[in-house]
Amino acid sequence: GFTIDGPKGPRHVAKMGAILIAKKAGQPILPFVIVPAKSWEIRKSWDQTQIPKPFTRARVIIAPPIYVKADAPADALNAKRDELQRALDALAQAGEQWRASIS
């Protein structure tokens with residue numbers, strides 16, 4: 001697994017990397033988030049990294065796989081990136097709702 005927003009951001013914006021790797025590897029992308037119930041947040045970092053607090057609960061939320069054809073043209077790749085972005089946005093929202101419901 002790896003982050004989709006790249007090493008420089010912007011935060012939570014899907015880049016083309018995962019799409020291109022899926023195309024070349026012939027394997028689907030499995031979007032997921034891991035949401036800790038309690039964490040420390042590094043606010044001065046560009047991505048506001050969260051570090052789970054010891055012994056906290058966490059939830060893993062997984063979306064359906066996204067398949068990218070090996071012969072997909074550029075417009076299809078852009079559509080897959082948009083699909084990945086929508087999936088990750090929905091997962092992040094579900095994670096935040098879960099965190100709010102337990103606090």
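Observations
- Scanning the range 18-37 for residues that are outside any strand (DSSP E or B), surrounded by 15 or more Cβ atoms within 10 Å (Cβ to Cβ) and not aliphatic (A, V, I, L, M) turns up K23, P31.
- Selection status of I4, without any contact (Cβ under 8 Å) to a residue 12 or more places away in the chain and either among the acidic types (D, E) or within 23 Å of A72 (Cα to Cα) (or both): no
- Residue in the range 81-96 that is part of a loop (DSSP other than H, G, I, E, B) and open to solvent by less than 70 Å² (accessible area, probe 1.4 Å) present: no
- Any hit, the range 38-53, residues being in a strand (DSSP E or B) and open to solvent by 80 Å² or more (accessible area, probe 1.4 Å): yes
- Boolean, Q93 is within 17 Å of the chain's Cα centre (by Cα) and without any contact (Cβ under 8 Å) to a residue 12 or more places away in the chain: yes
The values are calculated or read from the model by the stated rules, or taken from the named source; none is laboratory data. These figures come from a predicted structure and were not determined experimentally. Methodologically, a virtual Cβ is constructed for each residue, glycine included, from the backbone with ideal geometry; neighbour enumeration extends over all protein chains shown. Protein only, heavy atoms only, side chains kept; ligands, DNA and RNA dropped before computing areas. Shrake-Rupley method; radii C 1.70, N 1.55, O 1.52, S 1.80 Å.
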